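The structure under discussion appears below in the form of structure tokens.
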Amino acid sequence: MSDVSIKLKEVSKSFDGKLIIDTISCDFIKNKVHAILGKSGTGKSVLLKMLIGLFKPDSGKILINGKEAEHYKSVGDFKMSYIFQSSALLNSLTVLDNVTIFLDEHNVDEKESRVSKALKILNELGIKDSANKMPSELSGGMRKRVAIARSLIIEPDILLYDEPTSDLDPINTKTISQIINKLKARGDITQIVVTHDIGFAYSISDTISILDNGQILITGDPDLIKSSKNPILDSI
Amino acid sequence: MNTILAIITGIGESLNLLWLTIKSIKYFGSSMDKFIFQLFDMGNRTVPVAALIALSIGAVLALQTGIQLSNYGMQDKIGGIVGLSVCTELAPVMAAILMAGRVGSSITAELASMSVYEEIAALKTMNIDPVRFLVLPRFLACLITLPVLVIYMDLIGWLGGSLVSSMNQSISVSLSSFYNDLSQVVTFSDIAAGIIKSVFFAIAISITSCSIGLLAQGGPREIGHSVTKSVVASFISILLLDYVLTRFLILVGIL
């Protein structure tokens with residue numbers, strides 16, 4: 001069985017005639033943490049949104065577990081979840097309802113079981129006390145942790161993070177990196193993290209890809225990237 | 001040219017959303033709690049203002065028409081005139097305009113905000129259909145609320161007309177004479193005509209508001225633009241539908 005979780009084959013995407021992703025080919029290895037590093041506006045989030053199916057590539061193929069992504073729904077045949085840069089919590093629902101929404105809407109388990117599952121995850125992430133609060137009452141770091149809890153309740157095979165530390169202070173950034181490393185230690189989730197924070201990327205990744213002008217310039221482990229003399233690293 | 005294209009695209013998108021909403025009615029059971037919440041919310045937003053509008057319309061209509069009729073000694077016909085005008089035209093149109101202004105605008109603002117802040121995208125990544133989750137409960141609640149609001153406005157409009165007719169010395173028609181004439185002139189099909197209109201208005205308001213909200217893109221400024229667009233589009237569709245439906249109801253003999 002292949003150890004490749006996601007394979008991109010010459011994937012391109014344009015918006016209003018502007019090429020954002022330029023014939024990218026790469027592999028994301030199963031159960032590892034991959035960081036995609038790049039400046040703002042280089043197409044990192046677009047790439048991530050194509051993986052989850054929010055955008056369709058103009059050309060090329062995305063293979064997930066060996067099958068073309070268009071045949072999948074994000075949480076249908078396999079479980080993939082996305083943590084938005086803005087957290088994207090539903091502001092009209094409580095934290096607990098935000099976390100159980102997937103189970104509620106797909107009628108997974110009994111109500112009591114959904115709630116206890118959600119509380120367990122919230123407890124692991126240190127935000128159980130906020131279960132009955134509204135998202136508007138939470139800090140940026142707590143909102144991000146609720147978004148992670150909402151993703152974890154799906155029990156995902158693949159977890160995608162879009163700028164998980166943007167707008168966060170160093171303490172919350174450290175908390176997020178601890179969560180990612182804890183999930184990495186479990187060894188059953190492929191995590192793909194888009195970020196422009198190079199220090200954060202070094203602290204969590206097995207492999208790092210540098211994206212610039214819609215193309216991947218280098219891919220390698222953090223040590224390889226650190227030793228690289230590519231001038232783009234200075235500008236990130 | 002761009003404006004015409006935008007209007008045609010908007011109509012197409014609304015019709016597509018209507019079709020998707022009708023297709024999702026089979027999932028109504030799972031949206032019951034959201035439907036009930038919307039029903040109460042819409043009622044709370046509209047019922048007090050609707051009473052004020054209906055009372056005022058009935059009263060002004062009776063005052064203006066009653067004084068003219070009394071000049072010809074025909075003031076005893078006031079009940080039928082007020083009754084018919086309120087139930088076939090004024091109540092459904094004013095209720096729809098109230099619904100578009102108070103409920104439609106709030107639906108658009110909420111959905112546009114959810115689009116702009118990626119909440120809709122988050123639902124999609126969890127394989128939760130935004131049409132079933134967001135549009136269906138609002139569509140069905142609007143479909144129930146508006147006809148009920150029309151019946152409510154009919155009754156209060158008639159009350160307003162009857163009170164003015166009996167209390168104004170130039171008109172001086174007793175309550176019993178007013179309602180006696182009203183019951184002779186207004187038939188069940190007249191009341192049904194107003195309700196039929198309101199059903200179509202409800203479809204137009206809910207679908208227009210949801211469609212414009214869901215398609216909002218960009219930053220927070222787009223939320224305000226979407227609300228304005230939604231209210232204007234709803235008002236225009238109410239007025240156009242009103243004419244078309246009146247012609248149709250006359251043609252089929254209901255009016």
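The values are calculated or read from the model by the stated rules, or taken from the named source; none is laboratory data. Note that the structure is predicted; figures quoted are calculated from it, not measured. Note that we place each Cβ from the backbone using ideal geometry, even for glycine, and neighbour counts take in every protein chain shown.
How many residues are buried (at least 22 other Cβ atoms within 10 Å of the Cβ) and polar (S, T, N, Q) when one looks only at segment B:116-132?
1
So that you can scan it fast, the table gives a plain yes or no per residue for (1) surrounded by fewer than 21 Cβ atoms within 10 Å (Cβ to Cβ); (2) at pLDDT below 95; (3) over 19 Å from the mean Cα position of the chain (by Cα); (4) under 30 Å from B:LEU69 (Cβ atoms):
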{"site": "B:ALA193", "(1), (2), (3), (4)": "no, no, no, yes"}
{"site": "B:PHE200", "(1), (2), (3), (4)": "yes, no, no, no"}
{"site": "B:GLY213", "(1), (2), (3), (4)": "no, no, no, no"}
{"site": "B:ALA233", "(1), (2), (3), (4)": "no, no, no, no"}
{"site": "B:LEU241", "(1), (2), (3), (4)": "yes, no, no, no"}
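How about segment B:21-39: which of its residues are closer than 19 Å to B:LEU214 by Cβ and of a type in the set (Ser, Thr, Tyr)?
The answer is B:THR21, B:SER24, B:TYR27, B:SER31.
Out of (1) away from chain B (no Cβ under 13 Å); (2) without any contact (Cβ under 8 Å) to a residue 24 or more places away in the chain, the odd one out for A:SER12 is which?
Of the numbered conditions (1) away from chain B (no Cβ under 13 Å); (2) without any contact (Cβ under 8 Å) to a residue 24 or more places away in the chain, the odd one out for A:SER12 is (2).
In contact with a Leu (Cβ under 7 Å, 6 or more places away or on another chain) and crowded, with 21+ Cβ neighbours inside 10 Å: does that describe B:THR208?
On the way: in contact with a Leu (Cβ under 7 Å, 6 or more places away or on another chain): no; crowded, with 21+ Cβ neighbours inside 10 Å: yes.
No, not satisfied.
Which one of these is modelled with pLDDT under 90, surrounded by 21 or more Cβ atoms within 10 Å (Cβ to Cβ) and among the hydrophobic types (A, V, I, L, M, F, W, C): A:ILE176, A:ILE204, A:ILE180, A:ILE225? Before you say what the answer is, go through the steps one by one.
Values: A:ILE176 fails: modelled with pLDDT under 90; A:ILE204 fails: modelled with pLDDT under 90; A:ILE180 fails: modelled with pLDDT under 90.
Criteria check complete, one pass: A:ILE225.
Given the conditions (1) under 24 Å from A:GLY187 (Cα atoms); (2) out of contact with any Gly (no Cβ under 6 Å at 6 or more places or on another chain); (3) at pLDDT below 95, and given that A:SER74 satisfies all but one, which numbered condition is not satisfied?
Every condition holds for A:SER74 apart from (2).
All but one of (1) buried (at least 20 other Cβ atoms within 10 Å of the Cβ); (2) at pLDDT below 95; (3) at the interface with another protein chain (Cβ under 9 Å from one of its Cβ atoms) hold for A:LEU51; state the number of the condition that does not hold.
Failed condition: (3).
Would you confirm whether any residue within segment B:145-163 is more than 19 Å from B:SER56 (Cβ to Cβ) and surrounded by fewer than 22 Cβ atoms within 10 Å (Cβ to Cβ)?
Here is the first cut: in segment B:145-163, the residues more than 19 Å from B:SER56 (Cβ to Cβ) are B:145-148.
Narrowing the set further to residues that are surrounded by fewer than 22 Cβ atoms within 10 Å (Cβ to Cβ) leaves B:147-148.
Yes, segment B:145-163 contains at least one residue that is more than 19 Å from B:SER56 (Cβ to Cβ) and surrounded by fewer than 22 Cβ atoms within 10 Å (Cβ to Cβ).
Is it the case that segment B:84-100 has a residue that's touching an Asp or Glu at 6+ places or on another chain (Cβ under 9 Å), farther than 18 Å from B:VAL60 by Cα, aliphatic (A, V, I, L, M) and surrounded by 20 or more Cβ atoms within 10 Å (Cβ to Cβ)?
Looking through segment B:84-100, at least one residue is touching an Asp or Glu at 6+ places or on another chain (Cβ under 9 Å), farther than 18 Å from B:VAL60 by Cα, aliphatic (A, V, I, L, M) and surrounded by 20 or more Cβ atoms within 10 Å (Cβ to Cβ).
Please go through (1) without any contact (Cβ under 8 Å) to a residue 60 or more places away in the chain; (2) within 14 Å of another protein chain (Cβ to nearest Cβ); (3) of a type in the set (Ser, Thr, Tyr) for A:SER151 and return the number of the only condition it doesn't satisfy.
Among (1) without any contact (Cβ under 8 Å) to a residue 60 or more places away in the chain; (2) within 14 Å of another protein chain (Cβ to nearest Cβ); (3) of a type in the set (Ser, Thr, Tyr), the lone unmet condition for A:SER151 is (1).
Among the numbered criteria (1) in a helix (DSSP H, G or I); (2) more than 14 Å from every other protein chain (Cβ to nearest Cβ), which one does B:GLN169 miss?
Every condition holds for B:GLN169 apart from (1).
Just to confirm my filter: which helices (runs of 4 or more DSSP H) fall fully inside segment B:35-139 and include at least 2 residues that are within 12 Å of chain A (Cβ to nearest Cβ)? Show your work before the answer.
Values: elements: B:78-85, B:91-98, B:105-116, B:119-125.
Ranges flagged: B:105-116, B:119-125.
Quick one: A:ARG145 ticks every box in (1) part of a loop (DSSP other than H, G, I, E, B); (2) in contact with a Ser or Thr (Cβ under 9 Å, 6 or more places away or on another chain); (3) over 17 Å from A:HIS34 (Cα atoms) bar one, so which box is it?
Of (1) part of a loop (DSSP other than H, G, I, E, B); (2) in contact with a Ser or Thr (Cβ under 9 Å, 6 or more places away or on another chain); (3) over 17 Å from A:HIS34 (Cα atoms), only one is false for A:ARG145: (1).
For segment A:170-236, which helices (runs of 4 or more DSSP H) that fit wholly inside it have 3 or more residues that are not hydrophobic (A, V, I, L, M, F, W, C)?
Working: elements: A:170-186, A:198-204, A:222-227, A:232-235.
So the answer is A:170-186, A:198-204, A:222-227.
For segment A:94-119, which residues satisfy the criterion of being of a type in the set (D, E, K, R), surrounded by fewer than 13 Cβ atoms within 10 Å (Cβ to Cβ) and more than 14 Å from every other protein chain (Cβ to nearest Cβ)? Don't jump to the end; show me each part of the working.
Within segment A:94-119, the subset of a type in the set (D, E, K, R) is A:97, A:104-105, A:109-112, A:114, A:117.
From what is left, the residues that are surrounded by fewer than 13 Cβ atoms within 10 Å (Cβ to Cβ) are A:110-112.
A:GLU110, A:GLU112, listed by residue number.
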